[in-house]
1. Taking the Cβ of each residue in M223, M119, M107 as the centre, tally the other Cβ atoms inside 10 Å and list the residues starting with the fewest.
2. Kindly flag which residue pairs out of K79/K231; K156/K194; K79/K133; K154/K209; K133/K154 have an alpha-carbon separation exceeding 26 Å in this structure.
3. At R0 = 51 Å, how high is the FRET efficiency between E212 and D34 if r is their beta carbon distance? Nearest 0.05 is fine.
4. Hey, fewest Cβ within 10 Å first, where do I105, I201 land in order?
5. Given 0.36 nm per residue, what is the gain on full extension from R160 to R220 after removing their alpha carbon distance, in nm?
6. Within the stretch 157-175, which residues have the backbone N less than 17 Å from the label spot 7 Å out from S130 along Cα→beta-carbon, could you tell me?
7. Taking the number of other C-beta atoms within 10 Å as the exposure measure, put S116, S242, S130 in order starting with the fewest.
8. Between Y81 and E147, take the C-beta separation as r, use R0 = 22 Å, and let me know the FRET efficiency to the nearest 0.05.
Amino acid sequence: MKKITFALSTVLMTAFLCSCASNKTPSTPADTYDDEPVRINAPSKDSTDVSVKESKPKKKQKDASDMLHDLVTFTNSEKFYRFDTTSVFTQEISGLKEKTAQTVIRMDEDYAGFGSYYMAAYYIIQFDESARKKLANAVEAYLSDFENKRLQRKGKHTDRTYGRISYRLDWGTTSSITPNNGEGEGYLGYEFVKDRPYFVIYNYPFENKYYERAGDATFRESMTLRYYFTKAQARQLVELLSEENLAAQLSGTNISREPTVADEY
């Protein structure tokens with residue numbers, strides 16, 4: 001038992017240090033939107049409730065041998081090919097937080113997407129080819145609406161402007177341990193946060209397929225996720241997930257990229 005406990009402690013400490021090291025975030029300035037240049041005593045309102053807390057069932061305690069087994073068994077190192085990094089804003093209780101995101105290709109299926117920490121968990125969101133095309137079209141429509149000043153600051157349900165999108169989620173404690181998984185639909189749109197516009201991908205909780213196996217040792221559902229992108233971040237994500245870039249990555253071609261800088265409006 002002492003050996004198991006020691007091994008578990010070593011693995012957990014390694015995972016913690018790796019997650020901390022990989023969670024360094026860049027600093028991307030938000031886009032500005034000056035369709036109303038003269039505004040007198042107009043308070044800026046965050047259209048997003050950043051104080052929402054997830055209600056989760058209590059976890060059942062597991063002994064050291066079970067936890068060590070899960071850590072060893074559910075590493076995803078062979079499931080994903082990681083090929084580049086970008087950044088994304090996530091909705092935290094204290095507000096929007098920028099996170100480093102790693103783009104991935106799923107090796108066993110035609111999925112590609114990105115992973116990042118979201119609060120205390122690491123989520124990997126993956127799109128099939130049809131969904132990637134829909135995402136690219138939505139980003140193109142958003143950029144057009146932005147440039148042509150069609151964004152509505154106080155519009156209703158603007159976070160669903162560009163329709164629904166299907167995708168898969170894998171999540172867990174670290175980027176390499178994501179046994180939880182589910183598939184469902186999310187939404188594409190935009191949202192003003194503190195008077196700044198962002199392209200948005202979001203979903204309500206997905207059913208966790210892993211719950212059937214793990215039971216109360218995990219959660220029945222994913223969190224409600226909301227990802228926010230500046231124009232530069234949205235453009236970069238679409239480019240990284242383009243069919244040409246994915247094919248190049250799989251063929252072993254290295255593509256050099258320049259860091260993105262958000263545009264001012």
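No value in this document is a laboratory result; all are computed from the given coordinates. These numbers come from a predicted model, not from an experiment. Cβ atoms come from the backbone with ideal geometry, glycine included; neighbour counts cover every protein chain shown.
1. Ordered from fewest to most neighbouring Cβ atoms within 10 Å, M223, M119, M107 come out as M107, M119, M223.
2. Values: K79/K231 30 Å; K156/K194 16 Å; K79/K133 23 Å; K154/K209 37 Å; K133/K154 28 Å.
Listed pairs above 26 Å: K79/K231; K154/K209; K133/K154.
3. Once rounded, the FRET efficiency stands at 0.50.
4. Values: I105 19, I201 25.
Arranged by neighbour count, lowest to highest, I105, I201 become I105, I201.
5. Length difference between fully extended and current span is 19.0 nm.
6. In the stretch 157-175, the label zone of S130 (backbone N under 17 Å from the point 7 Å along Cα→Cβ) covers 163-169.
7. On the way: S116 24, S242 15, S130 11.
Final ranking by Cβ density, sparse to dense: S130, S242, S116.
8. 0.05
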